[in-house]
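Some notes on the structure that comes next.
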Amino acid sequence: MDTILRTIKKIIPKKLFMSLQPAYHYTAAYVSAIYYRHPSRSINVIFITGTKGKSSTTEILNAILEGAGKKTAVAGTIRFKVGDVSRPNKYKMSVPGRGFVQKFLRQAVDAGCEYAILEMTSEAARQHRHRFIDVNALIFLNISPEHIESHGGYDKYLAAKLLLVHALEKSPKRPRILVVNTDDLEHSKFYAGTAEEKYGFSLKSAEPYMLDHFGLYMTYQGHSLRSHLQGTFNISNILAALTYASSQGITPAQAQAGLKKLTQISGRVQKITLPEENILARKQDFNVIVDYA
């Protein structure tokens, strides 16, 4: 499949290709869906979008689903995972093109996965990489005026994000599930989408909550939950994952089992610690944190 698409790209003059890019991306998505036999029809597909927090929420939701005994597939900025097999994402893009997503979904279906969690960016939507995927759910985290250079402005960036809402509206899957962060100023534009099940979440939903050196405490549906993750922003990310998981019948107790195993997210507020026997560790009186890497 990749060979066919690369050949098409090579034989078209560059200037002509640039003008035909939208049609190329659309065609690539369509041909890939047919080639891989529409795999999204046979698996629960969740899109996660937002300016910030996509990767973290993807990993949090995966941990919760796995903790509840579900077999999952993950495609995002950090890694690609199908069942128990995981590899780092070295493409330097969250959503690779040329049929990658359809091929990934086919692998997930063939491996017997129940859920496929996909980070979905505005750039991917603009290039039609979300097309011909029968999506079950969309989780919207937030939007802010970043990463807008290629879109030509904030309004176009927002419009690209809203393409994912339209994709959910057109999906033949039932029920279609929409999870929206109501703390975000643009939430009403996303919440207006047509879906059988709509859920809003807010930091107020987690009160009382507390942050400490070891992570965070929060409340969900009257249950106290503990996570090793740091920061108020991760409370919001956890709420997004919990809200969707709840729609799947996953209880807070089951969710806690998954959260407990997620000690950190690679490259996302990741603390670097040295073994205590290391002489440098004894002298270190500061924290080292790797973020967005």
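Points to keep in mind about this one:
- The residues of region 30-84 that are of a type in the set (Lys, Arg) and open to solvent by 20 Å² or more (accessible area, probe 1.4 Å), listed by number, are Arg37, Arg41, Lys52, Lys54, Lys70, Lys71, Arg79.
- Contacts under 7 angstrom Cβ, first residue in region 134-150 being on the phi < 0 side of the Ramachandran plot, partner surrounded by fewer than 12 Cβ atoms within 10 Å (Cβ to Cβ), 6 or more apart: Asp134/Pro172
- Residue match in region 161-168 (condition: in a loop (DSSP other than H, G, I, E, B) and open to solvent by 10 Å² or more (accessible area, probe 1.4 Å)): no
- Scope region 107-124; condition in contact (Cβ under 8 Å) with a residue 60 or more places away in the chain and either crowded, with 21+ Cβ neighbours inside 10 Å or in contact with a Ser or Thr (Cβ under 6 Å, 6 or more places away or on another chain) (or both); matching residues: Ala108, Val109, Cys113, Tyr115, Ala116, Ile117, Leu118, Glu119, Met120, Thr121, Ser122
- Of the residues making up region 49-79, those that are over 14 Å from Ser247 (Cβ atoms), among the hydrophobic types (A, V, I, L, M, F, W, C) and outside any helix (DSSP H, G or I) are Ala73, Val74, Ala75, Ile78.
- Considering the conditions (1) within 15 Å of the chain's Cα centre (by Cα); (2) modelled with pLDDT of 95 or more; (3) of a type in the set (Lys, Arg), Arg129 is excluded by exactly one of them, (2).
- Qualifying residue in region 238-249 (condition: in a loop (DSSP other than H, G, I, E, B) and at pLDDT 95 or above): yes
- Filter result for His223 (more than 21 Å from Ala137 (Cβ to Cβ) and modelled with pLDDT of 95 or more): yes
- Within region 199-211, residues that are hydroxyl-bearing (Ser, Thr, Tyr) reach partners that are surrounded by 11 or more Cβ atoms within 10 Å (Cβ to Cβ) and in a loop (DSSP other than H, G, I, E, B) with beta carbons closer than 8 Å, at six or more positions or on different chains, in the pairs Ser202/Thr182; Ser202/Asp183.
- Leading residue by the ranking (least open to solvent (accessible area, probe 1.4 Å)) among those in region 182-200 that are over 22 Å from Phe233 (Cα atoms) and assigned to a loop (DSSP other than H, G, I, E, B): Gly193
- Search result, residues across region 132-160 that are hydroxyl-bearing (Ser, Thr, Tyr) and outside any helix (DSSP H, G or I): Ser144, Ser150
- The set of residues in region 201-214 that are at pLDDT 95 or above and surrounded by fewer than 22 Cβ atoms within 10 Å (Cβ to Cβ) comprises Ser202, Leu203, Lys204, Ala206, Glu207, Pro208, Tyr209, Met210, Leu211.
- Screening Ser94 on (1) within 23 Å of His228 (Cα to Cα); (2) free of Cβ contacts under 8 Å to residues at least 60 places away in the same chain; (3) in a loop (DSSP other than H, G, I, E, B) shows it passes everything except condition (1).
The values are calculated or read from the model by the stated rules, or taken from the named source; none is laboratory data. This one's a predicted model, so the numbers in the text were calculated from it and none came from an experiment. Backbone-built Cβ (ideal geometry, glycine too); neighbour counts: all protein chains shown. In case anyone asks, the SASA skips ligands and DNA or RNA and just uses the protein heavy atoms, side chains included. Shrake-Rupley method; radii C 1.70, N 1.55, O 1.52, S 1.80 Å.
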